[in-house]
Amino acid sequence: MDEQDIYSVIGEDGFRRLVAAFYQQVAQDDVLRPMYPDDDLAGAEERLFDFLVFRFGGPPRSLERRGHPRLRMRHAPFPIDRLARDRWVQCMGRALEQANLPQDVETKLREFFEATATFLINRPEQPPASELRSPEQ
Ligand code: HEM
């Protein structure tokens, strides 16, 4: 299946179920929740929904409302390290299970989310303590 066909297979309804389940997870996550707006989780849900619909072959509402995705740039204000990336992927993984999508769609979306989340890491790993010592020590 081509990525661009996903919208025609699961429709708005499938993406709705997915993002609703995802933000229910985010609301309970101690690493992710503080990064999202205090009083506007519904707005964040809407922005992710519009983006996914557009990215996977549906109407380009996201382009009209928010312009080009520029995901790296838009995530620059948030401290995304490996832990935050893994939590995001974990929340989305649970949401994918709950949304009950066709298996091939689920697999494609999972691959996309994992790769994109890795691409959005913007904080270097802490070097191991052994590398923090100066050479003389
Ligand atoms: C890696 C871990 C990630 C973290 C910690 C994270 C965090 C955030 C936060 C805090 C926001 C602002 C919420 C808002 O719109 O008000 C946001 C926006 C957004 N994120 Fe992520 N995100 C992550 C990964 C991803 C991935 C993998 C995608 C791609 C599917 C994505 C797509 C988006 C989109 C489309 C927006 C809205 C951009 C806009 O219109 O301004 N994010 N993210």
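The values are calculated or read from the model by the stated rules, or taken from the named source; none is laboratory data. Note that the coordinates shown come from a computational prediction; the quantities given were computed from them, not determined experimentally. Using ideal geometry, Cβ is built from the backbone for each residue, glycine included, and neighbour counts are taken over all protein chains shown.
Taking residue 62 as the residue in question, decide whether it is modelled with pLDDT of 95 or more, under 26 Å from residue 122 (Cα atoms) and not aliphatic (A, V, I, L, M).
Against the criterion (modelled with pLDDT of 95 or more, under 26 Å from residue 122 (Cα atoms) and not aliphatic (A, V, I, L, M)), residue 62 qualifies.
Could you say whether any residue in region 87-99 is part of a helix (DSSP H, G or I), more than 8 Å from the ligand (Cβ to nearest atom), under 13 Å from residue 117 (Cα atoms) and of a type in the set (A, V, I, L, M)?
Looking through region 87-99, none of the residues is part of a helix (DSSP H, G or I), more than 8 Å from the ligand (Cβ to nearest atom), under 13 Å from residue 117 (Cα atoms) and of a type in the set (A, V, I, L, M).
If you scan region 34-84, which residues turn out to be closer than 26 Å to residue 105 by Cα, touching a Phe, Trp or Tyr at 6+ places or on another chain (Cβ under 9 Å) and part of a loop (DSSP other than H, G, I, E, B)?
56, 57, 58, 59, 60, 69 - these are the residues of region 34-84 that are closer than 26 Å to residue 105 by Cα, touching a Phe, Trp or Tyr at 6+ places or on another chain (Cβ under 9 Å) and part of a loop (DSSP other than H, G, I, E, B).
Looking at region 106-126, which of its residues are assigned to a loop (DSSP other than H, G, I, E, B) and either more than 11 Å from the ligand (Cβ to nearest atom) or of a type in the set (Phe, Trp, Tyr) (or both)?
Matches in region 106-126: 124, 125, 126.
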